[in-house]
1. Which of the strands (runs of 3 or more DSSP E) found entirely inside the range 131-244 contain at least 3 residues meeting this: away from the ligand (no atom under 13 Å from the Cβ) and surrounded by 22 or more Cβ atoms within 10 Å (Cβ to Cβ)?
2. Criterion first (more than 15 Å from residue 148 (Cα to Cα), surrounded by fewer than 23 Cβ atoms within 10 Å (Cβ to Cβ) and among the basic types (Lys, Arg)) does residue 21 satisfy it?
3. Quick test for you: out of 88, 49, pick the one residue that is within 16 Å of residue 362 (Cα to Cα), at pLDDT 95 or above and either in contact with a Phe, Trp or Tyr (Cβ under 7 Å, 6 or more places away or on another chain) or not in a helix (DSSP H, G or I) (or both).
4. State the number of residues belonging to the range 7-55 that are more than 7 Å from the ligand (Cβ to nearest atom) and over 19 Å from the mean Cα position of the chain (by Cα).
5. Look at the range 334-380 and say how many of its residues are assigned to a helix (DSSP H, G or I) and free of Cβ contacts under 8 Å to residues at least 60 places away in the same chain.
6. Would you be able to say whether some residue in the range 349-368 is closer than 22 Å to residue 216 by Cα, in the same structural domain as residue 133 (by TED's automatic domain parsing) and modelled with pLDDT of 95 or more?
7. Which residue pairs have Cβ atoms closer than 7 Å, lie 6 or more positions apart in sequence or on different chains, and pair a first residue in the range 209-238 that is in the same structural domain as residue 289 (by TED's automatic domain parsing) with a second residue that is within 14 Å of the ligand (Cβ to nearest atom) and among the basic types (Lys, Arg)?
8. Could you list, ordered by first residue, the pairs with Cβ atoms under 8 Å in which the first is in the range 1-28 and more than 17 Å from residue 355 (Cα to Cα) and the second is of a type in the set (Asp, Glu), at least 6 apart or interchain?
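The values are calculated or read from the model by the stated rules, or taken from the named source; none is laboratory data. Keep in mind the model is a prediction, meaning the values are calculated, not measured. Backbone-built Cβ (ideal geometry, glycine too); neighbour counts: all protein chains shown. Keep in mind that these areas ignore ligands, DNA and RNA; they rest on the heavy atoms of the full protein, side chains included. Shrake-Rupley method; radii C 1.70, N 1.55, O 1.52, S 1.80 Å.
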Amino acid sequence: MGRMVIVGAGIIGTMHAVAARRAGWEVVHLDRDLEPRSASVRNFGLVWVSGRAEGDELRVALRARSLWEEIAAEAPSVCFRPDGSITVAQLPEEVAVLEQVMARPDAAERGFRLLDPDEVRIVNPALRGEMLAGLHCRTDAVVEPRAVLPALRAWLAAEAAEADTGGTRSYTFHGGRTVHEIGPGSVVDGAGERHRGDVVVVCPGAERQGPIAELLDDAPVRPVQLQMLQTAPLDERLTTSVADGDSLRYYPAFAVPALAALPPQAPVAAEHHMQLLISQRADGQLTVGDTHTYEEPFDFATSGAPEAHLRARAQSILGRALPPIVRRWTGVYSQCLDQSICHRRQVELGVWIVTGPGGRGMTLSPAIAEETLAQIGAPA
Ligand SMILES: Cc1cc2nc3c(=O)[nH]c(=O)nc-3n(C[C@H](O)[C@H](O)[C@H](O)COP(=O)(O)OP(=O)(O)OC[C@H]3O[C@@H](n4cnc5c(N)ncnc54)[C@H](O)[C@@H]3O)c2cc1C
């Protein structure tokens, strides 16, 4: 059996482990963290098809969504819920954008329907605030970001234990191991242990230090920092995830001519490059965001003005007060500067780096991994 060493146990590295096991590789998987702390546990958990660019990106997103569904059938603790989303239009100019989006040839493939406020409330009765219309996307879904990585690792370990014979361990995870040497055929971790493999796949997220710097060289990727919050449980179910009209400015699917006629964003939203997204956790808490910061060095603190704006926007859509905020955090992802789905390169013979999916990594990860495995080929 061919052996693959995977460095990085965020969602990209972990989905590569899933895809590699499915393709028949023995996998050794390493991460510097004992427990997940990276972008992959700081996100909304949105499997977000609605905003993807037409063409290849939409194709990959739809493939990824279907893989998420398959994987969730095997590892139900990832908590995949095909809830869909509503993007709420509160301005006539935003409605005009949605009308043009509905006229696009791929609207049906995305599962889009343009709803009036009464229809929105039939789909999601918790949206009792101000709105002129809502774009319902039936292909959007959600997973539990803090449950996904442990659930997938436990599934991989259990599946390997069943398959293993004669002392082979076909999936081994080593947490708390920073990899500081990467080369063809092996990597060395901070404990001094060398892990050998036929192929090495490095999925470092936004990390750019040490050996990762050499692998990235002058790769067209940049780090982006976001600010997020979580409330105490809402006492009712959000039957869909929710986005506001500012999200139309961020996602390529909404790049229609009417976009140019949107009025300027609120100053705080423009300054912090904001949109409102809300996803509800399985326990009822609301994950709310976000901001985007592109200039380094990033502040280590969260800031109050964006938080107040997000709260006001959410309240205007829900038509009620948000529960108290119980957690605040920032997260950093790596984003490709070109139109690529991700930055995937074989940097040396048998050494691959995969990063840069930007704000789409949770969504696209199973399909990104599947594509890497197809490029690497079957184990010897
Ligand atoms: C706030 C926020 C909200 C988001 N919301 C969404 C969303 O709702 N939907 C969506 O699709 N995407 C979302 N994203 C984007 C998504 O979270 C990322 O694209 C994705 O998590 C990136 O996964 P990754 O595995 O590449 O990186 P990471 O999650 O950063 O994982 C990289 C891992 O590599 C390890 N590592 C790095 N260097 C080394 C080394 N030398 N040795 C050992 N281990 C190493 C790190 O410890 C880390 O565990 C969001 C991102 C953020 C920050």
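1. Correct list: 133-137.
2. Numbers: more than 15 Å from residue 148 (Cα to Cα): yes; surrounded by fewer than 23 Cβ atoms within 10 Å (Cβ to Cβ): yes; among the basic types (Lys, Arg): yes.
Yes, satisfied.
3. 49
4. 12
5. Kept after step one, since they are assigned to a helix (DSSP H, G or I), are these residues of the range 334-380: 358-376.
Add one more test, that the residue is free of Cβ contacts under 8 Å to residues at least 60 places away in the same chain, and what stays is 374-375.
Residues meeting the conditions: 2.
6. no
7. 228/42; 229/327; 229/328; 230/327
8. 1/26; 2/26; 2/198; 3/26; 3/198; 4/26; 4/198; 21/159
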